[in-house]
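Below: one structure, written as structure tokens.
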Amino acid sequence: MLSLMRKKAGSWMVKVILALIVVVFTFWGVGSFRDRQAAVVASVDGMPITYDEYNRAYNGLIDQLNQNPNFTVNDEVIKMLQVKKQALDSIINRRLMLAEADRLGFRISDEELVDMIQSFPAFQRDGKFDNNLYQRIITSLRMTPEGFEQDQRDTILIEKLRAFVAGNVKVSNAEARQRYDWQDATVSIEYLLVAPGTYENVKPSLEELETYYNENKENYKTEPKTKVRYVRFTPRDYMAQADVSEDEIRDYFESNADEFKTPKTVEARHILIGVDPEADDPVVETARRKLLEVLKKVREGTDFTELAKTYSEGPSKDQGGFLGAFKKEEMVKPFADKAFSMEVDEVSDPVRTRFGWHLIKVEKINPPSSQTLDVVTSQIKERLSLEKARALAYDAAEALYDTVFEGEDIEQVASEQKLKVKATGFFDGQGPPEIGAARSQFATAAFALKEMDVSEIIDAGDSYYLLQSIEKQPAGISPLTDVKDKVNADWVKKRQNENAREDAEALLAELKKGTTLSAAGKKHALTPQTAEFFKRNEAIPGIGSESDIAQVAFELTQVKNLAEKVVKGQKGYYLIRLKERRVPDPAGFEVQKDVIVQQLQRQKGFNLYNTFLARLKAGSEIDIKPEFIE
């Protein structure tokens, strides 16, 4: 629509519309939902961060958390993880990095951007970039290609700067060897395990149960819940009002002519001999000669498809090198230039791309075509009708929002506008099930409201919502009668744990006096166990992944071979004695050296980047409105 307005900007009709917009803003002022979205929540060196930007980042983090099925997102979790602060920090960090990249003169070429976008698996069909798929996905994300591409350009720019900052990190042989000796050392231990679960005859009295409940009431909280009224504005409900004229259809067709054109495509097979882009000349030439031998077989009449299955090193090898139909811009330039200059059944000489050397055989050429206005009229009408219906739905939501005064019942105002109001039951931070995919977004908005407050307009993709808080149910403490079984189980677990810890500490006192593990274990009906050699970051044989136990084990020496303290693990309390320590084989260092150097470079690079970012923040003027992160 914006492109249409730009093209028609000289017409009298658009000038009248723009004049009317000016009049409306002059007489009615600012205060609509769209203006509120532009409210500033922070600034970086005087450049504002709007509420809309912040809200998108915040909702993105909430969506990521909600994707974990074992994770319940509620107010407590959001506060604990500082999601609000994370959202704002992510925007601030991005702003600082982009400004610094610009200051240093970093630039992203169109070729880099295209290569990155075309490499996304989500935009590929059968291993090749599909422009129609790309357009559909971008539309489903409620973005424009221009907006998405600018976002990706910024992302590449930031990654370039990040690589530049961390690119000069050096790791010496001594550092790598020190890391190898540390991470590949192994120990073997003997241990006794005092397991809480073995204390079976533990039962609380009623008085003990009540005392435990009173001391731990916070553990028996109910989640806060809320109940709302809401009005849903679905664009499909406004389709009947979304009249589209023949002129509008024709204007759209003329303004978006490329959308209705099918460009020339080529169907081809290829045989690829892969070569690294940075390979030396001898390596490149060896690959070329190998492909020339294959080309000779083609010239002699051997089937190209069978040769591709035998010699090609590309992903299409099993399909006989078949690439399907592709547009020129979907292939790297040298390959595309050659393929689109060939005739059907022609086989090329070797063609060099960044992937290596190719032989190309063109099997079919599909000439360009265009759809006529008559053919696509219904398609365009449907699209424009839906656009208008979305605008009408939004306008209806905004009209309701602007006419509900503070504390007024939305149901009464909605009925005057002949709008249907629904009410939810009480729901928690996951949102009411009947809302479907937008329930998390719905819940976030609902819990932010005070009673009788009306929300901003919620854009849920397929609909808009306005909510009004009816009633809130704060987090409370469940009475003992409702949670007696859980309190009983918690008390038993606590007492078993206490008994196990006390007995383990008594055992340790005996060991410190010189008693052997076998003697101490026999006295308490425990059998000493051995965990054979393991590394620091490996699971411990017979015990499992226990970082605390591993840390203690690697601190022991042959002189001081008994752990000073009992170690708490997942299965109970451990008493640990070092059996043997082994240093890693020096010969293994040469095998692992490159990997270790890369690991240390990444670690150092990460630390250097964080230091660099901290300096950017320290040298910038960052103003944050605290209400958005508290």
Mind checking whether some residue in the stretch 365-381 is charged (D, E, K, R) and either assigned by TED's automatic domain parsing to the domain that holds R229 or in contact with an Asp or Glu (Cβ under 7 Å, 6 or more places away or on another chain) (or both)? no
The condition from (1) in contact with a Gly (Cβ under 9 Å, 6 or more places away or on another chain); (2) within 30 Å of P528 (Cα to Cα) that I576 misses is numbered (1)
Go over the candidates I91, I78, I108 one by one and state the one that is hydrophobic (A, V, I, L, M, F, W, C) and farther than 20 Å from I624 by Cα. I108
State whether the residues of the stretch 109-127 include one that is buried (at least 16 other Cβ atoms within 10 Å of the Cβ) and of a type in the set (K, R). no
Identify the single condition in (1) surrounded by fewer than 17 Cβ atoms within 10 Å (Cβ to Cβ); (2) assigned to a helix (DSSP H, G or I) that G105 does not satisfy, given that it satisfies every other one. (2)
In the stretch 281-294, is there at least one residue being β-branched (V, I, T), closer than 27 Å to I117 by Cβ and not in a strand (DSSP E or B)? no
Which of the residues belonging to the stretch 295-336 are modelled with pLDDT of 90 or more, part of a helix (DSSP H, G or I) and either within 19 Å of N131 (Cβ to Cβ) or small (G, A, S) (or both)? A308, K328, K333, F335, A336
Filter result for P350 (within 38 Å of the chain's Cα centre (by Cα), surrounded by 12 or more Cβ atoms within 10 Å (Cβ to Cβ) and of a type outside the set (F, W, Y)): no
Got at least one residue in the stretch 219-240 being among the aliphatic types (A, V, I, L, M), over 30 Å from P334 (Cα atoms) and surrounded by 18 or more Cβ atoms within 10 Å (Cβ to Cβ)? yes
Testing D462 on (1) modelled with pLDDT of 90 or more; (2) under 17 Å from R232 (Cβ atoms); (3) not in a strand (DSSP E or B), one condition comes back false. Which one is that? (1)
For the stretch 186-219, what are the residues that are in contact with a helix residue (DSSP H, G or I) (Cβ under 7 Å, 6 or more places away or on another chain) and of a type in the set (A, V, I, L, M, F, W, C)? V187, I189, L192, V194, A195, V202, L209
Hey, any hits in the stretch 227-235 for a residue that's in a helix (DSSP H, G or I) and modelled with pLDDT of 90 or more? yes
Filtered residues of the stretch 50-70 (kept if touching a helix residue (DSSP H, G or I) at 6+ places or on another chain (Cβ under 6 Å) and loosely packed, with under 15 Cβ neighbours inside 10 Å): D52
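Okay, residues lined up against (1) at pLDDT below 95; (2) under 30 Å from N216 (Cβ atoms):
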position: A525; (1), (2): yes, no
position: Q529; (1), (2): no, no
position: G569; (1), (2): no, yes
position: Y574; (1), (2): no, yes
Starting from the stretch 72-95, take each residue that is touching a residue at least 24 places away in the same chain (Cβ under 8 Å) and list its partners that are in a loop (DSSP other than H, G, I, E, B), counting only C-beta distances under 6 angstrom and pairs at least six apart or across chains. V73/G429; N74/E223; N74/G429; K84/I629; K85/I629; L88/I629
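Under 43 Å from the mean Cα position of the chain (by Cα), more than 30 Å from R582 (Cα to Cα), surrounded by 13 or more Cβ atoms within 10 Å (Cβ to Cβ) and of a type in the set (A, V, I, L, M, F, W, C): does that describe A475?
Yes: the conditions hold for A475.
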If I ask for residues that are buried (at least 20 other Cβ atoms within 10 Å of the Cβ) and small (G, A, S), which ones from the stretch 436-454 would you list? A443, A445, A446
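Residue-by-condition table, conditions (1) at pLDDT below 90; (2) of a type in the set (S, T, N, Q); (3) in the same structural domain as M331 (by TED's automatic domain parsing):
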{"position": "G105", "(1), (2), (3)": "no, no, no"}
{"position": "D126", "(1), (2), (3)": "yes, no, no"}
{"position": "F129", "(1), (2), (3)": "yes, no, no"}
{"position": "N132", "(1), (2), (3)": "yes, yes, no"}
{"position": "T144", "(1), (2), (3)": "yes, yes, no"}
Hey, can you tell me all the residues within the stretch 38-54 that are of a type outside the set (D, E, K, R) and either modelled with pLDDT under 85 or touching a Lys or Arg at 6+ places or on another chain (Cβ under 8 Å) (or both)? A38, A39, V40, V41, A42, V44, M47, I49, Y51
For the stretch 480-537, what are the residues that are of a type in the set (D, E, K, R) and free of Cβ contacts under 8 Å to residues at least 24 places away in the same chain? D482, D485, E498, E502, E510, K513, K522, K523
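The values are calculated or read from the model by the stated rules, or taken from the named source; none is laboratory data. This one's a predicted model, so the numbers in the text were calculated from it and none came from an experiment. Methodologically, a virtual Cβ is constructed for each residue, glycine included, from the backbone with ideal geometry; neighbour enumeration extends over all protein chains shown.
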